[in-house]
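S.K.: Pasting a structure below so you can have a look.
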Amino acid sequence: MSPTSGWWISSLRAESTAVTLCEKMKREDFKAIAVEALEQLVSRAEQRTGRQFSRLFCFRGLIGDDQIDGDIAEYLVNMTFVDEDHIFPCFDLFLEEVLSDGRLLVRGYRAGYAPCAFGAHFTYETLGHDAGRVGPFKLGIGNFVDRNGK
């Protein structure tokens, strides 16, 4: 995969990455953003707790106990990517807990905004939750850090 040049919003600053805001988004480039969102969740939690965590994930919505296992980045892409011109602009992701098998439980939900071009929605201007923002993914780790701190 050869990403194109561009910018995305992360935490408190713009960083160079695989896309240009408001341009067509290739699915493989968008999956790289989903992978980066999961990595940023874990790395911010590691920074705040001083602990190391697995990069194995499972996912549950905020309501219910149905669990998604396997390639969680692919699941996030399936939930947000419609086509090159239409991506749901806001998906909240929260690092929830370390399961008994060492996997990290991520919970989240897609906001009700209509899909649009990557970067075209006002939510891209926000910083996200306490672990920042990667593309449409607003990241939160506060409760996880409280339960898993030093």
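S.K.: Can you give the accessible area per residue of region 52-150, in Å², using a 1.4 Å probe?
M.R.: Accessible surface, normalised per residue, equals 48 Å².
S.K.: At a probe radius of 1.4 Å, what is the per-residue accessible area of residue 130, in Å² to the nearest 10?
M.R.: Roll a 1.4 Å probe over it and residue 130 shows about 80 Å².
S.K.: Right, next: To the nearest 10 square angstrom, what accessible area does residue 85 show with a 1.4 Å probe?
M.R.: Counting only protein heavy atoms, residue 85 exposes about 60 Å² to solvent.
S.K.: Spelling out what I want: for every residue of region 54-68, take phi, set θ = phi - 60°, compute 6.51 cos²θ - 1.76 cosθ + 1.60 (Karplus), and round to whole Hz; glycine and proline get x.
M.R.: Here the 3J(HN,Hα) series is 5, 10, 9, 10, 9, 10, 9, x, 6, 10, x, 10, 4, 10, 9 Hz.
S.K.: On to the next question. Which whole-angstrom value gives the distance between the alpha carbon centres of region 112-148 and region 53-68?
M.R.: Going from one Cα centre to the other spans 17 Å.
S.K.: Compute, for residue 27, the solvent-accessible surface of its heavy atoms (probe 1.4 Å) with the complete set of protein chains present, and express it in square angstrom to the nearest 10.
M.R.: 90
S.K.: Turning to a different aspect of this structure: Please report the antiparallel percentage of DSSP beta bridges with both residues in region 35-150, rounded to the nearest 5.
M.R.: The answer is about 60 percent antiparallel.
S.K.: Then there's this: From zero outward in steps of 5 Å, how is the percent of C-alpha pairs of region 33-150 spread across the bins?
M.R.: Pairs per bin, as whole percents: 2, 12, 23, 25, 19, 11, 5, 2, 0.
The values are calculated or read from the model by the stated rules, or taken from the named source; none is laboratory data. Quick caveat: nothing in here was measured; it's all calculated off a predicted structure. In case anyone asks, the SASA skips ligands and DNA or RNA and just uses the protein heavy atoms, side chains included. Shrake-Rupley method; radii C 1.70, N 1.55, O 1.52, S 1.80 Å.
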